[in-house]
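Structure, as structure tokens:
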Amino acid sequence: MTKSKKFWAAAALISLAVMAFAGYSIYGRMSLHFSGDTIEVKPVPVPLAQEEEEDSSAARAAAIARMNEADKEDAGEEAKPATKGPAAPAKGDADKTKAVKTAFEYKNAKAKSVLIAGSFTSWKEKKMTKKDGVWKTDVYILPGTYPYHFTVDGKKKLDPGKPKAPTGDSLISVN
């Protein structure tokens, strides 16, 4: 059984189109990889279990409020740090969760520089100050669970005594 010339021409054309699409897809991924560009995905804080939360719409509203506040911080707008606990409703904002001042410490008297980076800082390193051999800083964080690590003299270090994330970072839970 011989196939006609039209059949083989169509098969060749379809094969060429598939190869062109595959080449274009591979080129796009490789150029993104080798250019060093990254696609940043902002993590949404994982809320801790709350007994008071009786309605899933309230949880959804609180999550949206946290994302909006994180977007304001990234845009350079001034974030208003708050004390621990839920905010009082003001001007129609029902359950707006406020950031909690969280202290971080790293004990190493011999270290020359210590930085902290985590999902709560969009993985941007923040300097810590040294006092009596202990490196300290305060960060305002929304309630949730976040991965983070210290950079001690250019080397990544975990926080001893804290649980580890699957990514190899330390975890902190903020209430």
Fill in: Computed FRET value (nearest 0.05) for Leu13 with Leu158, which takes r as the C-beta separation and R₀ as 45 Å
0.20
Response to the item:
Ordering 147-159, 113-125 by per-residue average of other C-beta atoms within 10 angstrom, highest first, gives 113-125, 147-159
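Say the cut-off is 30 Å between C-alpha atoms; which of Lys96/Lys130; Lys96/Lys131; Lys96/Lys157; Lys98/Lys127 go over it?
Flagged as over cut-off: Lys96/Lys130; Lys96/Lys131; Lys96/Lys157.
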Practice prompt. List the residues whose amide H sits under 5 Å from the amide H of Ala99, counting only those 5 or more places along or on another chain, with H placed 1.01 Å from N in the peptide plane.
Written response: Ala82
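Could you give the C-alpha radius of gyration of region 92-174 expressed as a fraction of 2.2 N^0.38 Å, taking N as the number of residues it contains?
1.16
Taken together, the values in this text are just the output of simple stated rules run on the coordinates, not laboratory data. Bear in mind the structure is a predicted one, so any value in this text is a computation, not a measurement. Positions of Cβ are generated from backbone atoms using ideal geometry, with glycine treated the same way; all protein chains shown enter the neighbour counts.
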